[in-house]
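What follows is a single structure, written as structure tokens, with notes after it.
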Amino acid sequence: MPHDPPLLSVEGLKVHFPVHAGVIRRRQVGAVKAVDGVSFTVRPGETLGLVGESGCGKSTTGLAVLRMQAASAGRIVFDGTDITHSSRAALRPFRRRMQMIYQDPFGALDPRMTVADIIAEPMIVHNIGTSRAERRDRAQDLLAMVGLRPDMATRYVHEFSGGQRQRIGIARALSMQPDLLICDEPVSALDVSIQAQIVNLFESLQDRFGLAYLFIAHDLAVVRHMSDRIAVMYLGKIVEIAGRDALYARPLHPYSQALLASIAIPDPELEASRPQISVTGEVPGALNPPSGCRFHPRCPRAAAVCAREEPVLRDLGEQAVACHLV
């Protein structure tokens, strides 16, 4: 897999939301820099985990990749084609190959439609299947594939639990036979016991169909279980990218170290013996981010250079890190 060409390549992606002032004569007075120069790749069959605190730009990055949110700058290249500024018609064949799994499985499904119609709707839009009966049979096959009974196809969303609704959302995404799934906090709204079932489902589907995942989450234990590589985001920027084992064994960026130190260990003696990394203060706003390294106001190791100069993401072999002190 490391030698395969990227399925998805994101280069210098920026998503800025303009801020206006004035009632009669409105003018732009600034911009919320939700995503500010993000670059990464996802190879066929690979899972890239994207982690960070709430508000760091993870979900906006996923929406921009799907072109559901316009990019302010940068490039999005899917399977060798630059789709950053493609028209809706030109995007159509790529929409089938990139699908999204949402955080809220109930909000992502139409409560007025039966499960069969929910799964069949994208097939109708993309002219998959020649008849209603063929699409219904396909919907039933997909339900069985995600661990639900085919006879559930005639039910409505309110008749299902949260985990079952998420399975329906996954079945709908699979109806397009995608190459890439962007999973935006897909298990965070579910009970812990159900989370493991959905994560196992994702893994089995990846093995079966060779799917690539951009797995967005804040639960570091889930990300470690799912991911081949992990990108750590802070305030609109990626501060570290590394293989799963390398990142958890030796995080280089102070923010990555603080994130991993926050994971509770179910062993009182081991928990008491490991070093504690304290991060003070609140996350700054993306409207007016700090100069230099955006983490420096909260970093326990910050030096004078951190406030003056913005660090670049440097490739160090197994890991890439944006830190002056590494």
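The values are calculated or read from the model by the stated rules, or taken from the named source; none is laboratory data. Bear in mind the structure is a predicted one, so any value in this text is a computation, not a measurement. In this analysis, Cβ positions are derived from the backbone assuming ideal geometry, glycine residues included, and neighbour counts consider all displayed protein chains.
Applying the condition of being modelled with pLDDT of 95 or more and farther than 12 Å from G57 by Cβ to segment 11-40 and asking which residue is surrounded by the fewest Cβ atoms within 10 Å (Cβ to Cβ) yields G12. Picking from residues in segment 107-139 that are buried (at least 16 other Cβ atoms within 10 Å of the Cβ) and in a loop (DSSP other than H, G, I, E, B), the one that is modelled with the lowest pLDDT is G129. Within segment 281-326, the residues that satisfy the criterion of being closer than 22 Å to R244 by Cβ, among the charged types (D, E, K, R) and free of Cβ contacts under 8 Å to residues at least 24 places away in the same chain are R314, D315. Restricting attention to segment 68-89, the residues that are closer than 20 Å to V125 by Cβ and either more than 18 Å from the chain's Cα centre (by Cα) or outside any loop (DSSP other than H, G, I, E, B) (or both) total 6.
Scanning segment 171-188 for residues that are among the aliphatic types (A, V, I, L, M) and under 15 Å from the mean Cα position of the chain (by Cα) yields L180, L181, I182, V187.
All told, R138 falls short of being over 18 Å from R97 (Cα atoms) and more than 24 Å from the chain's Cα centre (by Cα). With respect to the conditions (1) within 15 Å of the chain's Cα centre (by Cα); (2) modelled with pLDDT under 95, Q195 lacks only one, and its number is (1). Take Q206 and decide whether it is modelled with pLDDT under 95 and not hydroxyl-bearing (S, T, Y). No. Just the residues that are β-branched (V, I, T), surrounded by fewer than 15 Cβ atoms within 10 Å (Cβ to Cβ) and outside any helix (DSSP H, G or I), please, taken from segment 140-154. Matches in segment 140-154: none.
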